[in-house]
Amino acid sequence: MNLTTKSLLLLGALALAACNNPRAGGTFGGGGADGFGNDSGYGTGISTGELGDPNDPRSIAHFNQRIGDRVFFTVDSSSLTTEGRETLNAQARWLNSNPQYAIIVEGHADERGTREYNVALGERRANAVLQYLVSQGVSAGRMRTVSYGKERPVEACAAQRCWDINRRSVTVISGGLTG
Amino acid sequence: MKRIFQILPALALALASVGMTPITAQAQPLRLQITEGVIDPMPIAVPAFVAEDSAGARYTDALARVVVANLTGTGLFREVPPQAHIARITSFDAGIGFADWRAVNVQALITGAVSVSGNRMNVKFRVYDVVSGQQLGQGLQFAGTENDWRRMAHKVSDAVYNRITGEDGYFDSRVVFIAESGSRDNRSKRLAVMDQDGENVQYLTDGRTLAIAPRMSPTGDRVVYTSYDSGSPRIALLTLPGGQRQMLGDQQGAMTFSPRFAPDGQSLVYSLARGGNTDLYRIDLRSGQQTQLTNSPSIATAPSFSPDGRFIAFESDRSGTSQIYVMPASGGEARRISFGQGRYSTPVWSPRGDLIAFTKSNAGRFHIGVMRTDGSEERLLTASYLDEGPTWAPNGRVVMFTREAQGGDPAIYSVDITGRNLRRVPTQGPASDPAWGPLRP
């Protein structure tokens, strides 16, 4: 698979995350326009896939809702919690039994830090998740990381409750694209 | 505040013009000592400029209002408003009845005149020390296009500020920033540029993808920022006005962000994140050659060159929390300079070279502060739920920064380096990440 194909696949994954999964993976929002420029020529690489029924263990909906597409971090940390490892173990099992999907691991930070430091912190968190998934047998070649820093909170409120859910990684699955 | 008027022999008005550049003999400055901040601002009067032709009449009030807004906006001056004036200026060259201005407690009087011919505009001004009844320096004239009328008022303001304080002004300058809109969990962030007073906003990106943390080149002709156009953070370089965009520093599997121009404008230093680690790199803008500057298993970001280009201040969490370090511009051993309580971020070297401004978070509060370049004499200028990202005015006397109210929208604020005169910079909507450009030629 050449690089262009690969980037198209990943962009397709981004688009699906945006269009189909506004609650669970909804860090892209904006009708899929965020994350890639419409006038860059990439728009042709988007394909549509089904999220499926969460009761179907092979569906993306199952991954997002039953397994959980995200893990949370403590303040200024990229260490995986026990709960986070359990979620990632289940993610890895699903990813290993559904090898046709490409994966983007997003890293996010809460708003209680400066902007550029938070981009770096988000990358560190995404990488921690990627490395853990690799340790559980998921091929690194299927995965890519992206950091959104504090730019894409799940929910914006100036309270502990929001900061806690915004310090997260999100494992975003593309819809049936393979490479 | 100390105020020392040095009264000069009255000088003849020298008028000449080439573009926007004033041509005059060196005007000796007044002395209004501003290093300690101002508790008691100097009262000034700026009567409507005199129209020297019918087309100029449209600008008589507008020019005076911009000059007043600039000068009073510094906190160093307060206006004695026109309705309190008992004298009128009807001719730019007539003598001044100083007693009438003393009677309303004016200390500095600024008079001006404007004419417009075709698209060409001429603006003249003089400054008077009312107390001694003397003109301060020579009159100056600016010539330019009518579209640039606000710039002419900024030029007048800069010259007046310089005459009275002895410092360079900062009014004829622009600020690149991020204009925000939409819900806070799905923000649209557009790169934009405005005059330092919030006017003349131009958008440089369409907002379909995130743009964050821009910086202007030392000559104001280019902007670098972090773009999410590719779906991942990447540094982008934009030529103004509205020119070509170029993506820089592409490395497989890496995110790049936090770009800053070197003082000569020929290279950038920036952060590259890969494999959970963020280091600083430098890219030569002519050759594209990239050089790694730090190599530490930690985050190194938010670099800032010293104005002489010899050093880079940056933020690193190599000690366990974010702190400020200084290293040679070619890389090498970094020396930590921040040792106070809390975390220190976003160091920015003053254009004078004497201070480093920073963001500090401690005990749940955020501050903008300044310290000497060795880390001594730390002073906090602000405190709020979230203040971050200081940027220096070209004269090193004022910083702008982003303030986000608790649960509210971000806005751009300015404060002088004494911690006085905190003001919101007017923007149409939520705004963040200001970066001040140079004084325009």
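The values are calculated or read from the model by the stated rules, or taken from the named source; none is laboratory data. If you're wondering where the values come from, they're calculated on a predicted model, not measured in any experiment. We place every Cβ from the backbone using ideal geometry, glycine too, and count neighbours over all the protein chains shown.
Tally the residues that are part of a loop (DSSP other than H, G, I, E, B) and either within 11 Å of chain B (Cβ to nearest Cβ) or in contact with a His (Cβ under 8 Å, 6 or more places away or on another chain) (or both), restricting the search to region A:111-160.
Going through region A:111-160 one residue at a time, the tally reaches 14.
Assuming B:Ser227 fulfils every condition listed in (1) farther than 24 Å from B:Arg397 by Cα; (2) in contact (Cβ under 8 Å) with a residue 24 or more places away in the chain; (3) crowded, with 24+ Cβ neighbours inside 10 Å apart from one, which condition is it?
Evaluating B:Ser227 over (1) farther than 24 Å from B:Arg397 by Cα; (2) in contact (Cβ under 8 Å) with a residue 24 or more places away in the chain; (3) crowded, with 24+ Cβ neighbours inside 10 Å leaves (2) as the failure.
Considering each residue of region B:318-342, count those that are on the phi < 0 side of the Ramachandran plot and either more than 29 Å from the chain's Cα centre (by Cα) or more than 14 Å from chain A (Cβ to nearest Cβ) (or both), and give that number.
16
Go through (1) more than 15 Å from the chain's Cα centre (by Cα); (2) charged (D, E, K, R); (3) buried (at least 23 other Cβ atoms within 10 Å of the Cβ) for A:Asp164 and report which single condition fails.
Going through the list (1) more than 15 Å from the chain's Cα centre (by Cα); (2) charged (D, E, K, R); (3) buried (at least 23 other Cβ atoms within 10 Å of the Cβ), A:Asp164 breaks only (3).
Evaluate the following for A:Gly84: is it away from chain B (no Cβ under 14 Å), crowded, with 17+ Cβ neighbours inside 10 Å, modelled with pLDDT of 95 or more and more than 30 Å from B:Ala431 (Cβ to Cβ)?
yes
Outside any loop (DSSP other than H, G, I, E, B), in contact with a strand residue (DSSP E or B) (Cβ under 8 Å, 6 or more places away or on another chain) and under 24 Å from B:Thr219 (Cβ atoms), is that true of B:Pro441?
no
So for region B:328-346 (the condition being in contact with a strand residue (DSSP E or B) (Cβ under 6 Å, 6 or more places away or on another chain), surrounded by 19 or more Cβ atoms within 10 Å (Cβ to Cβ) and closer than 19 Å to B:Pro410 by Cα), does at least one residue qualify?
Checked against the condition, which is being in contact with a strand residue (DSSP E or B) (Cβ under 6 Å, 6 or more places away or on another chain), surrounded by 19 or more Cβ atoms within 10 Å (Cβ to Cβ) and closer than 19 Å to B:Pro410 by Cα, region B:328-346 yields at least one hit.
Any idea which residue in region B:47-85 is surrounded by the most Cβ atoms within 10 Å (Cβ to Cβ), counting only those that are aromatic (Phe, Trp, Tyr) and farther than 21 Å from B:Pro394 by Cβ?
B:Phe49
Exactly one condition in (1) assigned to a helix (DSSP H, G or I); (2) more than 13 Å from chain B (Cβ to nearest Cβ); (3) farther than 28 Å from B:Phe257 by Cα is not met by A:Gln100; state its number.
Tallying (1) assigned to a helix (DSSP H, G or I); (2) more than 13 Å from chain B (Cβ to nearest Cβ); (3) farther than 28 Å from B:Phe257 by Cα, A:Gln100 fails exactly one: (1).
List, please: which pairs have Cβ atoms under 9 Å, are six or more places apart or on different chains, and start with a residue in region B:50-69 that is within 14 Å of B:Val116 (Cα to Cα) and end with one that is among the hydroxyl-bearing types (Ser, Thr, Tyr) and surrounded by fewer than 15 Cβ atoms within 10 Å (Cβ to Cβ)?
B:Val50/B:Thr90; B:Val50/B:Ser91; B:Asp53/B:Ser117; B:Ala55/B:Ser117; B:Gly56/B:Ser117
Which condition breaks for B:Phe339 when tested against (1) in a loop (DSSP other than H, G, I, E, B); (2) closer than 21 Å to A:Ser78 by Cβ?
Against the list (1) in a loop (DSSP other than H, G, I, E, B); (2) closer than 21 Å to A:Ser78 by Cβ, B:Phe339 comes up short only on (2).
Can you tell me which residue among B:Asp40, B:Asp61, B:Asp53, B:Asp100 is part of a helix (DSSP H, G or I), out of contact with any His (no Cβ under 9 Å at 6 or more places or on another chain) and modelled with pLDDT of 50 or more?
Among B:Asp40, B:Asp61, B:Asp53, B:Asp100, only B:Asp61 is part of a helix (DSSP H, G or I), out of contact with any His (no Cβ under 9 Å at 6 or more places or on another chain) and modelled with pLDDT of 50 or more.
Any idea how many residues of region A:80-121 are closer than 24 Å to B:Asp279 by Cβ, of a type outside the set (D, E, K, R) and touching a Gly at 6+ places or on another chain (Cβ under 9 Å)?
Total meeting the criteria: 11.
Taking the criterion of being modelled with pLDDT of 95 or more and over 23 Å from the mean Cα position of the chain (by Cα), would at least one residue in region B:71-81 satisfy it?
Within region B:71-81 (the criterion being modelled with pLDDT of 95 or more and over 23 Å from the mean Cα position of the chain (by Cα)), the answer is yes, since at least one residue qualifies.
With the structure loaded, tell me whether B:Ser230 is farther than 19 Å from B:Tyr413 by Cβ and within 11 Å of chain A (Cβ to nearest Cβ) or whether it fails that test.
Considered against the rule, which asks whether it is farther than 19 Å from B:Tyr413 by Cβ and within 11 Å of chain A (Cβ to nearest Cβ), B:Ser230 comes out as yes.
Inspect region A:169-178 for any residue being within 14 Å of another protein chain (Cβ to nearest Cβ), modelled with pLDDT under 95 and assigned to a loop (DSSP other than H, G, I, E, B) and give the result as yes or no.
yes
Looking only at region B:353-371, count how many residues are among the charged types (D, E, K, R) and surrounded by 14 or more Cβ atoms within 10 Å (Cβ to Cβ).
Total meeting the criteria: 2.
Based on what the data block shows, is B:Ala273 at pLDDT 95 or above, on the phi > 0 side of the Ramachandran plot, in contact with a helix residue (DSSP H, G or I) (Cβ under 8 Å, 6 or more places away or on another chain) and not hydroxyl-bearing (Ser, Thr, Tyr)?
Considered against the rule, which asks whether it is at pLDDT 95 or above, on the phi > 0 side of the Ramachandran plot, in contact with a helix residue (DSSP H, G or I) (Cβ under 8 Å, 6 or more places away or on another chain) and not hydroxyl-bearing (Ser, Thr, Tyr), B:Ala273 comes out as no.
Considering each residue of region B:244-257, count those that are under 12 Å from B:Val223 (Cα atoms) and either of a type in the set (Ser, Thr, Tyr) or not in a strand (DSSP E or B) (or both), and give that number.
1
Do we find that B:Pro426 is within 14 Å of chain A (Cβ to nearest Cβ) and not hydrophobic (A, V, I, L, M, F, W, C) in this structure?
Criteria not met by B:Pro426.
What tally of residues in region B:185-218 results from selecting those that are surrounded by fewer than 19 Cβ atoms within 10 Å (Cβ to Cβ), touching a Pro at 6+ places or on another chain (Cβ under 9 Å) and facing chain A (nearest Cβ under 9 Å)?
1
Give region B:126-145 a look and list any residue that's under 13 Å from B:Tyr59 (Cβ atoms) and touching a residue at least 40 places away in the same chain (Cβ under 8 Å), or say none.
Within region B:126-145, B:Phe142, B:Gly144 qualify.
Restricting the search to region B:261-276, which residues are within 14 Å of chain A (Cβ to nearest Cβ) and surrounded by fewer than 16 Cβ atoms within 10 Å (Cβ to Cβ)?
Answer for region B:261-276, where residues must be within 14 Å of chain A (Cβ to nearest Cβ) and surrounded by fewer than 16 Cβ atoms within 10 Å (Cβ to Cβ): just B:Gly275.
Does at least one position in region B:329-348 carry a residue that is of a type outside the set (A, V, I, L, M) and under 20 Å from B:Ala393 (Cβ atoms)?
Checking region B:329-348: at least one residue is of a type outside the set (A, V, I, L, M) and under 20 Å from B:Ala393 (Cβ atoms).
What pairs come out if I take residues in region B:277-295 that are away from chain A (no Cβ under 14 Å) and pair them with residues that are among the aromatic types (Phe, Trp, Tyr) whose C-beta lies under 8 Å away, six or more apart or interchain?
Once the first residue is away from chain A (no Cβ under 14 Å) and sits in region B:277-295, its partners that are among the aromatic types (Phe, Trp, Tyr) give B:Arg282/B:Tyr270; B:Ile283/B:Tyr270; B:Gln290/B:Tyr281; B:Thr291/B:Tyr281; B:Gln292/B:Tyr281; B:Leu293/B:Tyr281.
List the number of the failed condition for B:Ile86; all other conditions in (1) without any contact (Cβ under 8 Å) to a residue 40 or more places away in the chain; (2) in a helix (DSSP H, G or I); (3) over 25 Å from the mean Cα position of the chain (by Cα) hold.
Among (1) without any contact (Cβ under 8 Å) to a residue 40 or more places away in the chain; (2) in a helix (DSSP H, G or I); (3) over 25 Å from the mean Cα position of the chain (by Cα), B:Ile86 violates only (2).
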